[in-house]
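Shown next, in structure tokens, is the structure this report addresses.
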Amino acid sequence: MNSVAARMRGGSVGLVSGATSIAGHAAGGGHTPSETALVLLLLGSAGVGWLVAAHGAPRREYAVVTAALLAGQAVGHAALTLDHPAHGATAAPMLAGHLAAALVAAALIVGGTRAAGIAASALARVVPSPFDGAHPASPARLRPASGPDLSGWQYAHHGSSPRAPPVLG
């Protein structure tokens, strides 16, 4: 995978982590989050997404994305319950809901990343590239059209080397 796919995967993980944290918080009977909690949620989601994007193309992409989504949801849950730690949901149904959401979202993100790669490859075969791959032999050099030859003028008065000491006198 290239860096575009890694950034797409990381952005998706960050976005889905935040969204599922908010949805799970609301479904569990949570309170309306404060502005501080929302900022912490956004920072946590962005951090998890950045880590996934920086990780590149993992061997076990589905497992890495699932673990990142679960970590992102844990960070989001911690941020949203910062103001009011007690809420109505019991632990087992809430954990099951977060796990199910992470598994489904990971399948969609990994599948979407692969589908985007396939679509981009197919599009690259159909649409001609504006760059044909030929490079110029050497870049053009800018030279004055006319004028005196000034290449050796600095050596005329002070010796034969530009490293000579200055003339005092």
Could you tell me whether Arg60 is under 16 Å from Leu103 (Cβ atoms) and among the basic types (Lys, Arg)?
-> yes
In region 39-69, which residues are of a type in the set (A, V, I, L, M), in contact with a Ser or Thr (Cβ under 9 Å, 6 or more places away or on another chain) and under 18 Å from Ala6 (Cα atoms)?
-> Val48, Val52, Ala53, Val65, Ala68, Leu69
Restricting the search to region 31-70, which residues are at pLDDT below 90, more than 17 Å from Met8 (Cα to Cα) and buried (at least 20 other Cβ atoms within 10 Å of the Cβ)?
-> Pro33, Ala37
Selection within region 1-29 - touching a Gly at 6+ places or on another chain (Cβ under 8 Å) and not in a helix (DSSP H, G or I) = Met1, Gly28, Gly29
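The values are calculated or read from the model by the stated rules, or taken from the named source; none is laboratory data. Computed from a predicted model, the values in this text were never measured in an experiment. Glycine gets a Cβ as well: all are built from the backbone with ideal geometry, and neighbour counts include every protein chain shown.
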